[in-house]
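Asker: Okay, handing you the structure first.
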Amino acid sequence: LQIGEMAIRMMKKVSPLPVIAIFNSHYHGDHFLGNQAFVEAYGNQVPIYAHPYSLEQIKGIEGNTWRNLMERWTNQATAGTKVMPPTHTVKHGDVFNFGDVQIKVHHYGVAHTPGDICLEVVQDKVTYVGDIAMDGRIANIDDGSYVGTFKTYEELSKAAGEQLWIPGHGTPKKTLLKEYGEFMAGIYETCVKAVKEGLDPSTAKAMVLKDPRVKKYAKATKGFENNIGKYTSLAYLEAEKEAF
Ligand SMILES: [Zn+2]
């Protein structure tokens, strides 16, 4: 709620126009708990769009789980936030025309989560990618997929062409997918190699830490030390699954 209110204050500095649609890129709390602020400011007629999977998750247990987690993580700074689930679903290929702005919805299967949507603002050559790529941070991939992320990057780049990619966290960059993709490949491809050679997960982790692609981004990546072990084991599990 509070972050949504802040976003609205910032948007008002840029444009006096009202918000006429809301898109939730996926079901993680930092990407939908602001819905309430927009509904309170612009009315509950404003449609909130999401992928069907994300809508289900937010309406289900995940909605309240994220609300409670966020309250704990922020020391109750987000107290009073209500879960306002999306009201409409979107699918890959949907196109929205808002005045002279066209927005295209992209979804290529599981990436950061099973229900990510990327939003291409056609006229501006700008695409919002949610958390499928991050800048200076390592993205949660608990119910995501490395292989799915690489596939999404490839398909999305092919469909949209050169774009200014806007991540949910970090700085927009034209090189975002290339850079984060390189970092992810350093983790995943190393695990594939380890699995092929019959090496155990801890050996795989040591190999990942030595990979030049991973090393290149490690220093500038917030939370690297704490998270790399977990994300390496997820990569290892996925590599094992793919090997069958
Ligand atoms: Zn996320």
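Asker: Here is a check on your reading of the model: is Ile166 closer than 25 Å to Ser54 by Cα, open to solvent by less than 30 Å² (accessible area, probe 1.4 Å) and within 16 Å of the ligand (Cβ to nearest atom)? Give the derivation first.
Answerer: On the way: closer than 25 Å to Ser54 by Cα: yes; open to solvent by less than 30 Å² (accessible area, probe 1.4 Å): no; within 16 Å of the ligand (Cβ to nearest atom): yes.
Here the answer is no, as Ile166 does not meet what is asked.
Asker: Show the residue pairs that are 6+ apart or on different chains and have beta-carbon atoms under 7 Å apart, the first residue being within the range 14-41 and farther than 23 Å from His92 by Cα and modelled with pLDDT under 95, the second being within 16 Å of the ligand (Cβ to nearest atom) and open to solvent by less than 10 Å² (accessible area, probe 1.4 Å).
Answerer: Taking only residues 6 or more apart or on different chains, not a single pair turns up.
Asker: Given the criteria crowded, with 16+ Cβ neighbours inside 10 Å and under 21 Å from Ala7 (Cβ atoms), does Trp73 qualify? Can you show your working first?
Answerer: Values: crowded, with 16+ Cβ neighbours inside 10 Å: no; under 21 Å from Ala7 (Cβ atoms): yes.
So Trp73 fails the test.
Asker: How many residues, within the range 26-57, are assigned to a loop (DSSP other than H, G, I, E, B) and within 27 Å of Lys12 (Cα to Cα)? Show your work before the answer.
Answerer: Here is the first cut: in the range 26-57, the residues assigned to a loop (DSSP other than H, G, I, E, B) are 26-28, 32-34, 43-47, 51.
Adding the requirement that they be within 27 Å of Lys12 (Cα to Cα) leaves 26-28, 32-34, 43-47.
Counting residues in the range 26-57 that are assigned to a loop (DSSP other than H, G, I, E, B) and within 27 Å of Lys12 (Cα to Cα) gives 11.
Asker: Let me ask something else. Does the range 3-44 hold any residues that are in contact with a strand residue (DSSP E or B) (Cβ under 7 Å, 6 or more places away or on another chain), among the small types (Gly, Ala, Ser), within 14 Å of the ligand (Cβ to nearest atom) and open to solvent by 10 Å² or more (accessible area, probe 1.4 Å), and which are they? Lay out the reasoning, then the answer.
Answerer: Start the filter on the range 3-44 by keeping residues that are in contact with a strand residue (DSSP E or B) (Cβ under 7 Å, 6 or more places away or on another chain), which leaves 20-26, 31, 35, 38.
The next check asks that each one be among the small types (Gly, Ala, Ser); those that pass are 21, 25.
If we keep only those that are within 14 Å of the ligand (Cβ to nearest atom) as well, we get 25.
Within the range 3-44, none qualify.
Asker: Specify the residue that is surrounded by the most Cβ atoms within 10 Å (Cβ to Cβ); the eligible residues are those in the range 84-110 that are under 20 Å from Glu162 (Cβ atoms) and within 16 Å of the chain's Cα centre (by Cα).
Answerer: Ranking the qualifying residues of the range 84-110, first place goes to His106.
Asker: Ok, one more. Any residue at all in the range 183-202 that's open to solvent by 50 Å² or more (accessible area, probe 1.4 Å), part of a loop (DSSP other than H, G, I, E, B) and within 16 Å of the ligand (Cβ to nearest atom)?
Answerer: no
Asker: Here is a follow-up. Does the range 151-160 include one or more residues that are at positive phi and over 13 Å from the mean Cα position of the chain (by Cα)? Please lay out each step first, then the result.
Answerer: Taking the range 151-160 first, the residues at positive phi are none.
Looking through the range 151-160, none of the residues is at positive phi and over 13 Å from the mean Cα position of the chain (by Cα).
Asker: Quick check on this structure: which one of Tyr27, Tyr53 is touching a helix residue (DSSP H, G or I) at 6+ places or on another chain (Cβ under 9 Å) and aromatic (Phe, Trp, Tyr)? Outline the logic, then answer.
Answerer: Numbers: Tyr53 fails: touching a helix residue (DSSP H, G or I) at 6+ places or on another chain (Cβ under 9 Å).
Among Tyr27, Tyr53, only Tyr27 is touching a helix residue (DSSP H, G or I) at 6+ places or on another chain (Cβ under 9 Å) and aromatic (Phe, Trp, Tyr).
Asker: Also, quick follow-up: What strands (runs of 3 or more DSSP E) lie completely within the range 58-138 and have 2 or more residues being in contact (Cβ under 8 Å) with a residue 60 or more places away in the chain and within 16 Å of the ligand (Cβ to nearest atom)?
Answerer: Counting at least 2 such residues, we get 118-121, 126-130.
Asker: Does at least one position in the range 141-151 carry a residue that is in contact with a strand residue (DSSP E or B) (Cβ under 6 Å, 6 or more places away or on another chain), modelled with pLDDT of 95 or more and either part of a helix (DSSP H, G or I) or open to solvent by 50 Å² or more (accessible area, probe 1.4 Å) (or both)? Step through it out loud before you land on a result.
Answerer: The initial filter retains those residues of the range 141-151 that are in contact with a strand residue (DSSP E or B) (Cβ under 6 Å, 6 or more places away or on another chain), namely none.
Taking every residue of the range 141-151 in turn, none turns out to be in contact with a strand residue (DSSP E or B) (Cβ under 6 Å, 6 or more places away or on another chain), modelled with pLDDT of 95 or more and either part of a helix (DSSP H, G or I) or open to solvent by 50 Å² or more (accessible area, probe 1.4 Å) (or both).
Asker: Another question, if that's okay. Being surrounded by 16 or more Cβ atoms within 10 Å (Cβ to Cβ) and within 19 Å of Val121 (Cβ to Cβ) is the filter here; which residues of the range 45-70 pass it?
Answerer: Val46, Ile48, Tyr49, Ala50, His51
The values are calculated or read from the model by the stated rules, or taken from the named source; none is laboratory data. All values reported here derive from a predicted model rather than from experimental measurement. All Cβ positions, glycine included, derive from the backbone under ideal geometry; neighbour counts span all protein chains shown. Accessible surface areas use protein heavy atoms only, side chains included; no ligands, DNA or RNA. Shrake-Rupley method; radii C 1.70, N 1.55, O 1.52, S 1.80 Å.
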